[in-house]
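Inspection log for the structure reproduced underneath, given as structure tokens.
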Amino acid sequence: MAKQELTCDDILKELGAKQYRPVYYLMGEESYYIDLIADYITNNVLNETEKEFNLTVVYGADADVATVINAAKRYPMMSEHQVVVVKEAQVIRNMEELSYYLQKPLLSTILVICHKHGTLDRRKKLAAEIEKVGVLFESKKIKEAQLPAFISSYMKRKGVDMEPKATAMLADFVGSDLSRLTGELEKLIITLPAGQRRVTPEQIERNIGISKDYNNFELRSALVEKDILKANKIIKYFEENPKTNPIQMTLSLLFNFYSNLMLAYYAPDKSEQGVANMLGLKTTWQAKDYIAAMRKYTGVKTMQIVGEIRYADAKSKGVKNSSMTDGDILRELVFNILH
């Protein structure tokens, strides 16, 4: 049976219980989880006095494997553990030589290797060696559809509730850069009025700078409802505020929505739960828009819309377009979607 991979939560739970492994190889495209685990180890394993002598941070650009092994082989001073953190490990050459150290790692050392924007080849001997004695963790980018669930659970851990519309506005505006997203969430928590533990669309508008009435979430709703006037008002606002509403973000979100709508037609069960399961959505309220859209658009029309969005995207990058502004492109696209 395949060994179940540890999640970020599993690793943090182990660390919270002071169950430490000799090596943590943290890799992948999503920096957020790599930083979360590395920072937890850096901040919690040693106290402030122990850190003076027992915390070593090395950068891949200034180090080689020998430097890392030498640091890991040191014994702690007046402490049970020493922590060695290797940042930017993806630029270190001959990383496979770490295997020599892993044959007999020092149990008093906690070696944390941060390999961002890529992964170790799991077929290589080093991957197997790491898994034998420690943790090989891959931090994967989360899908756009999973963002609302990520936001809700992050805020729940902080004791804050978030209205679904506020969640969707923020997910649409920030996208899947989790470090930036959590930064915006922390900003919202700090700006909550005393005694209030619920984030509303009005607070998003005030503190993040997204209009609660004129945003990609509302544009999508207008298209689902086939509300021509509302859709055109939003596009006019986008045209006047291009910095906060870049066309690429709008096209990307519309493309994801209508691509998912294509899949929704194939759901054997067309209930909210059935559509949510088909699209991999964590909450059923996200499925409501798709069910409403299936009543307004046929499968054939949806296919045409996906093609129109691709065409608009090419135009926004200058392909077969010499004079149209971003506003013109969006207006034409919305007309083609609604008619």
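Observations on the model:
- Excluding ligands, DNA and RNA, the accessible surface per residue across the stretch 1-105 is 58 Å² with a 1.4 Å probe.
- Relative contact order of the stretch 8-138, taken over Cα pairs closer than 8 Å and 6 or more residues apart, is 39 percent.
- Per-residue HN-Hα couplings for the stretch 41-46 [Karplus 6.51, -1.76, 1.60; θ = phi - 60°; Hz; x = Gly/Pro]: 5, 4, 8, 10, 6, 10
- Cα centroid separation, the stretch 294-339 to the stretch 134-208 (Å): 30 Å
- For the chain, built as a Gaussian network whose Cα springs stay under 10 Å, the top-fluctuating residue of S323, S271, S211: S323
- Gyration tensor (alpha-carbon) shape descriptor, the stretch 153-207, a/c threshold 1.5: prolate
- Applied to the stretch 145-157, the Karplus parametrisation 6.51 cos²θ - 1.76 cosθ + 1.60 on θ = phi - 60° returns per-residue 3J(HN,Hα) values of 5, 8, 4, x, 5, 4, 4, 4, 6, 4, 5, 4, 4 Hz, with x for Gly and Pro.
- Charge sum, other residues only, whose C-beta stays under 13 Å from L102's C-beta, Lys/Arg counted +1 and Asp/Glu -1: +2
- Each residue of the stretch 329-337 was assigned a 3J(HN,Hα) from its phi angle through the Karplus curve 6.51 cos²θ - 1.76 cosθ + 1.60 (θ = phi - 60°); the sequence is 4, 5, 4, 4, 4, 4, 4, 5, 6 Hz, with glycine and proline shown as x.
- Largest GNM mean-square fluctuation among A276, A264, A128, using the chain with Cα springs under 10 Å: A128.
- Rounded if a/c under 1.5, otherwise prolate or oblate - the stretch 247-338, Cα gyration tensor axes: prolate
- Pairs beyond 26 Å (Cα-Cα), from K270/K315; K282/K315; K13/K165; K230/K270; K13/K116; K140/K320: K270/K315; K282/K315; K13/K165; K230/K270; K140/K320
- Here is how the number arises for the chain: DSSP H runs of 4 or more residues each give -39500 (n - 2.57), the sum is divided by the residue count, and the result at 222 nm is -16500 deg cm²/dmol.
- Among the GluC sites (Glu not before Pro) in the stretch 5-83, those placed in a DSSP loop whose Cβ has at most 16 other Cβ atoms within 10 Å are E5, E29, E80.
- Shape category assigned to the stretch 183-238 from the gyration tensor of Cα positions, a/c cut at 1.5: prolate
- Solvent-accessible surface of the stretch 247-338, taken per residue with a 1.4 Å probe and all protein chains present: 51 Å².
- Ligands, DNA and RNA left out, the 1.4 Å accessible surface of the stretch 188-239 is 52% carbon and sulfur atoms.
- Given charges at beta-carbon only (K, R positive; D, E negative), |dipole| of the chain in Debye: 660 debye
- Computed over the stretch 144-208: relative contact order in percent, which uses C-alpha pairs under 8 Å that are six or more apart: 40 percent
- Near the amide H of V135, within less than 5 Å, lie the amide hydrogens of V23, Y24, Y25, all on another chain or at least 5 residues away, with H placed in the peptide plane.
The values are calculated or read from the model by the stated rules, or taken from the named source; none is laboratory data. Since the structure is predicted, the reported quantities are computational estimates derived from the model, not experimental observations. Quick reminder, even Gly has a Cβ in these numbers, built from the backbone with ideal geometry, and neighbours come from all protein chains shown. Note: areas computed on protein heavy atoms with side chains; ligands, DNA, RNA excluded. Shrake-Rupley method; radii C 1.70, N 1.55, O 1.52, S 1.80 Å.
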